[in-house]
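Asker: Sharing a structure, written as structure tokens. Questions coming.
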Amino acid sequence: MAGGIFSPLGSCSELEKANCHPLVCLLCHEPYQHPCLLDCYHNFCASCLRGRASDGRLRCPLCGHPTVVRGGTGLPPVDRLLQFLVDSSADGEEDVQCANCDRHCAKAELDTMYFCNTCGQPLCVPCREETHRAKMFARHEIVSLSKRTKDIHKKCSLHEEPYIMFSTEKKSMLCINCFRDMQGESRAHCIDIETAYMQGCQRLDQAVMAVKELQTSTCEAIVLLKAMIEEVRNSASEEEAAINSLFGRMQEQLSERKKTLLKAVQSQHEEKEKAFKEQLAHLASLLPTLQVHLVTCSAFLSSANKAEFLDLGYQLMERLQRIVKLPHRLRPAQTSKINSEYRAEFARCLEPLLMLSPRRSVVGSAGGIGPVITGTNMLPGGQCSKTLMVPGCPPAGDRMSAGPMVRKPTMHRYISTKVLLAEGCETPFTEHCRNYENTYRMLQTEIQGLKDQVQELHRDLTKHHSLIKTEIMSEILQKSLQMDVQIAAHYSAVEMMRSVFEEVWEETYQRVANEQEIYEAQLHDLLQLRQENSCLTTITKQIAPYVRSIAKVKERLEPR
């Protein structure tokens, strides 16, 4: 029976379509055979659950709730209540055969059958009237067949005496002997069978009412969830349609702006190329003239005597000086860089579609330009995206290796951080800012110390012409390299926290704007420090050969 049913049940719709008869197993769809009750109060046949336990736990095939199983069988205990209902249903449906005359009784005639509790055998009406009327069967207990399952439980299995009491403490029926064997305190919890039956029916009615209320609430919740699933499906369809529509319009706008930008690039290309070709033609015509005059000078010097040289030499010199003084365009009049500002143009063309706010820049007290929040950073409804565009700031992967960069407002970042910390709101970002400021001040102090040392060495070498020990230069260079590693590590640590902060930044834009400015300024301050340290390293490397050469000269001059 358990073969081929080791896959869990599907969705709720499959369960609704399945046979939900209370006495039929949901796995094998057959009447229960030794039904087992799980901790989630789902029942299954013992054979359907056999082999499913793992590490002492059995997961419900319907809801997945784990049940702890004990013993070697790997099965939960048998549900006696459900087994009673199954047996009662089977007794009412099976054909009954009289034990005396072997007469079969149809299901419609079960009410006319009897059962002898003393013999434990069913009897038909003729056999009861003829056979069990004899004196030898006078003490036999004969009841209706429909009542035999109820009457069979009236006697105590231990003392073979009829039940007369019920213990509300132990929830069990008692015969007279069981009642006598009980202690005096436990007897106070004993009531007669009829009273216990009435009280039990009342409590069962209360429990049934509670279950019916839960059933009603469950049905309402199912209806609500189905409606919400449908709403989610409709909302997803609407959102997809809106996304596709907006994306199509964005593509159209970007395509048009792309054509305009390509035309502008082509125009700049043609203009610059024309200017460079004109200058190239001028220089190309100048070069033969210069070569002719150089050859003329060489020939004149080799062939003219002193008198001829004094007669014609000054004329040649004046001609050469006039050639040199002519306005020759030796340097390019313009750069070869073609700049179309395509990022700003693309962002500007998308602003009307995305309902973006105008750009704004933060100018610090030092005159540096802060992070720029462009139109591409805002989503509909004022929600901030995860990308903050900063002028002159390359992508995160190329920032540490970037060349010249825009100076960020260190003082503005410092003041903004102080204001943020003074608000007293403890968030992951404020804790990060507090730790960042401590680390940044330590790095800044060490960089300033190295800067002072290099300036002093450079002054002693160039101004005072004093000798410098090579050990000092090596020490400064080593410290500078170590600082570079520390700054790079701190930058990577701050960069790795971007994803954590971006999740927080999406919640509210006003606070995000301030935090993003501080965060980007922090990264740029680290880049500034590293750039300064790189300059120090370059200067140190440039000075080092002179120091070594002076040291070698000093060694030669010293007496051996």
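The values are calculated or read from the model by the stated rules, or taken from the named source; none is laboratory data. This structure is a prediction, so every number in the text was calculated from the model and none was measured. Glycine also receives a Cβ, built like all others from the backbone with ideal geometry; neighbour counts cover every protein chain displayed. Areas reflect the complete protein model, heavy atoms only, side chains present, ligands, DNA and RNA absent. Shrake-Rupley method; radii C 1.70, N 1.55, O 1.52, S 1.80 Å.
Asker: Determine the share of the range 472-555's accessible area contributed by carbon and sulfur atoms, expressed in whole percent, with a 1.4 angstrom probe.
Answerer: Here carbon and sulfur together make up 58 percent of the probe-accessible area.
Asker: To the nearest 10 square angstrom, how much accessible area does D205 have with a 1.4 angstrom probe?
Answerer: 90
Asker: A follow-up question, please. Could you order M497, M165, M483, M209 so the one with the most accessible surface comes first? Probe is 1.4 Å.
Answerer: The ordering from most to least exposed comes out as M209, M497, M165, M483.
Asker: All other residues with a Cβ under 14 Å from the Cβ of K277 taken together, and with Lys, Arg as +1 and Asp, Glu as -1, what is their net charge?
Answerer: With Lys, Arg at +1 and Asp, Glu at -1, the neighbours total -1.
Asker: Another question about this same structure. P(r) tail for the range 212-355, what percent of Cα pairs lie past 19 Å?
Answerer: Cα-Cα pairs in the range 212-355 separated by more than 19 Å: 76 percent.
Asker: Using the crude model of +1 on Lys and Arg Cβ and -1 on Asp and Glu Cβ, and no other charge, please compute the dipole size for the range 212-355 relative to its Cα centre, in debye to 20.
Answerer: 1020
Asker: Now for a different question. In a shell of Cβ-Cβ distance under 14 Å around S237, excluding S237 itself, what net charge do Lys and Arg (+1) and Asp and Glu (-1) give?
Answerer: Around S237, the charge tally is -4.
Asker: On full extension of the chain, what length is gained from L320 through L421, given 0.36 nm per residue of separation minus the C-alpha to C-alpha distance?
Answerer: 29.1 nm
Asker: Using a 1.4 Å probe, what is the accessible area per residue for the range 190-259, in Å²?
Answerer: 84
Asker: Same structure, new question: Counting heavy atoms of the protein chains only and a 1.4 Å probe, report the per residue accessible area for the range 18-91 as a whole number of Å².
Answerer: Spelled out: the 1.4 Å probe surface of the range 18-91, per residue, equals 56 Å².
Asker: Just add up the charged neighbours of S47: K/R +1, D/E -1, any other residue whose Cβ is under 15 Å from the Cβ of S47.
Answerer: 0
Asker: What do you get for Rg/Rh of the range 295-357 when both radii come from the Cα atoms and Rh is the Kirkwood radius?
Answerer: 1.69
Asker: Return the carbon/sulfur percentage of the accessible area of the range 212-355, one whole number, probe 1.4 Å, all protein chains in place.
Answerer: About 60 percent, which is the carbon plus sulfur part of the accessible surface.
Asker: Another question, if that's okay. On the full set of protein chains, 1.4 Å probe, figure out the accessible area of C40 and give it in Å² to the nearest 10.
Answerer: Around 30 Å² of this residue is reachable by solvent.
Asker: Sticking with this one: Between Q482 and K259, what is 0.36 nm times their sequence separation minus the Cα-Cα distance? Round to one decimal in nm.
Answerer: Working it through step by step, the gained length comes to 75.3 nm.
Asker: Let me ask another. Given 0.36 nm per residue, what is the gain on full extension from V68 to I229 after removing their alpha carbon distance, in nm?
Answerer: Net length gain for the segment: 54.6 nm.
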